[in-house]
1. Pairs please, first residue from the stretch 35-56 and touching a residue at least 40 places away in the same chain (Cβ under 8 Å) and over 16 Å from Leu94 (Cβ atoms), second anywhere and assigned to a helix (DSSP H, G or I) and not hydroxyl-bearing (Ser, Thr, Tyr), Cβ atoms under 7 Å, 6+ apart in sequence or on different chains.
2. Can you give me the number of residues within the stretch 34-74 that are charged (D, E, K, R), within 19 Å of the chain's Cα centre (by Cα) and assigned to a helix (DSSP H, G or I)?
3. If Arg3 meets every condition in (1) in contact with an Asp or Glu (Cβ under 9 Å, 6 or more places away or on another chain); (2) of a type outside the set (A, V, I, L, M); (3) without any contact (Cβ under 8 Å) to a residue 12 or more places away in the chain; (4) not in a helix (DSSP H, G or I) apart from one, which number is that one?
4. Give the stretch 95-115 a look and list any residue that's among the small types (Gly, Ala, Ser) and either more than 20 Å from the chain's Cα centre (by Cα) or at pLDDT below 95 (or both), or say none.
5. Out of the stretch 180-196, which residues are touching a residue at least 24 places away in the same chain (Cβ under 8 Å), surrounded by fewer than 18 Cβ atoms within 10 Å (Cβ to Cβ) and hydrophobic (A, V, I, L, M, F, W, C)?
6. Show the residue pairs meeting these rules: Cβ distance below 8 Å; 6+ apart or different chains; first residue within the stretch 89-112 and more than 18 Å from Ala35 (Cα to Cα); second residue surrounded by fewer than 17 Cβ atoms within 10 Å (Cβ to Cβ) and acidic (Asp, Glu).
7. In this structure, does Glu201 turn out to be among the acidic types (Asp, Glu), over 23 Å from Asn84 (Cα atoms), touching a residue at least 40 places away in the same chain (Cβ under 8 Å) and assigned to a helix (DSSP H, G or I)?
Amino acid sequence: MIRIGLTGNIASGKSEVAKMLAKRGATVIDADVLAREAVEHDSQALRDIVKRWGPDVLQKDGHLDRAALRHIVFADQTELDALNRIVHPGVTRLRDREIAEARERGDPLVICVIPLLFERNLVEEFDGIVLVDAPRPLRLERLVATRGLEETDAMNMIASQMPAELKRARADYVIENTGSLQELERDVNALWSFLQRNAVESESAVAVS
């Protein structure tokens, strides 16, 4: 089984790339999906969040109010670090579980979507790293136009992550997501061929050894 880390700064388009790879047959494990599962109603992580930031970060139905929490933590790196310490252990456990299940099924290619892959020093856990990137002004525009964020909140979210320039130097494959969906599909096709070749070479190496 080949494990690939797929990452990219916020609004780079990594989730869209992950969807396209899933359509082509990859097993996709998305940290954002796991993070939502980790803070579900009555979870320990949600209780820890409320203990630190109070009931104002909850919706009326008791579920997490993500917008309210986002407004707090992305304005203060200390608060963001505290949130990550609460949520990440649960996300890691869930990801390890899904990877183990994929291995048991014999899935040949597993894509783990991890926004903070470099920030959390997870590079060595994967056989290869794919970075999806786009210029900062374009990512800011996407956050404001497509996600409805206030520009200040969007800028804070962008500023909280490691500059993409530092990530590009450590990635094995970079997708420049600056064009249309059709162009992105073309680039994902090239990535898929690259990953397939690597999977075949890895299987051959195992067979020989």
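The values are calculated or read from the model by the stated rules, or taken from the named source; none is laboratory data. All figures in this text were calculated on a predicted structure; none of them were measured in a lab. Neighbour counts run over all protein chains shown; Cβ positions are idealised from the backbone, glycine included.
1. Going by the 7 Å Cβ cut-off, there are no qualifying pairs.
2. The initial filter retains those residues of the stretch 34-74 that are charged (D, E, K, R), namely 36-37, 40, 42, 47-48, 51-52, 56, 60-61, 65-66, 70.
Subset that is within 19 Å of the chain's Cα centre (by Cα): 36-37, 40, 66, 70.
Narrowing further to those that are assigned to a helix (DSSP H, G or I): 36-37, 66, 70.
Summing the residues that are charged (D, E, K, R), within 19 Å of the chain's Cα centre (by Cα) and assigned to a helix (DSSP H, G or I) in the stretch 34-74 gives 4.
3. (3)
4. First pass over the stretch 95-115, keeping only residues among the small types (Gly, Ala, Ser): 100, 102, 106.
Hit for the stretch 95-115 is Gly106, nothing else.
5. Answer for the stretch 180-196, where residues must be touching a residue at least 24 places away in the same chain (Cβ under 8 Å), surrounded by fewer than 18 Cβ atoms within 10 Å (Cβ to Cβ) and hydrophobic (A, V, I, L, M, F, W, C): Leu181, Trp192.
6. From residues that are more than 18 Å from Ala35 (Cα to Cα), the pairs are Pro108/Glu203.
7. Details: among the acidic types (Asp, Glu): yes; over 23 Å from Asn84 (Cα atoms): yes; touching a residue at least 40 places away in the same chain (Cβ under 8 Å): no; assigned to a helix (DSSP H, G or I): yes.
When the stated conditions are applied, Glu201 does not pass them.
Per-residue answers, yes or no, for (1) assigned to a helix (DSSP H, G or I); (2) touching a residue at least 60 places away in the same chain (Cβ under 8 Å):
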position: Arg142; (1), (2): yes, yes
position: Ala145; (1), (2): yes, no
position: Leu149; (1), (2): no, no
position: Thr152; (1), (2): yes, no
position: Met155; (1), (2): yes, no
position: Glu165; (1), (2): yes, no
position: Arg170; (1), (2): no, no
position: Ile175; (1), (2): no, yes
position: Thr178; (1), (2): no, no
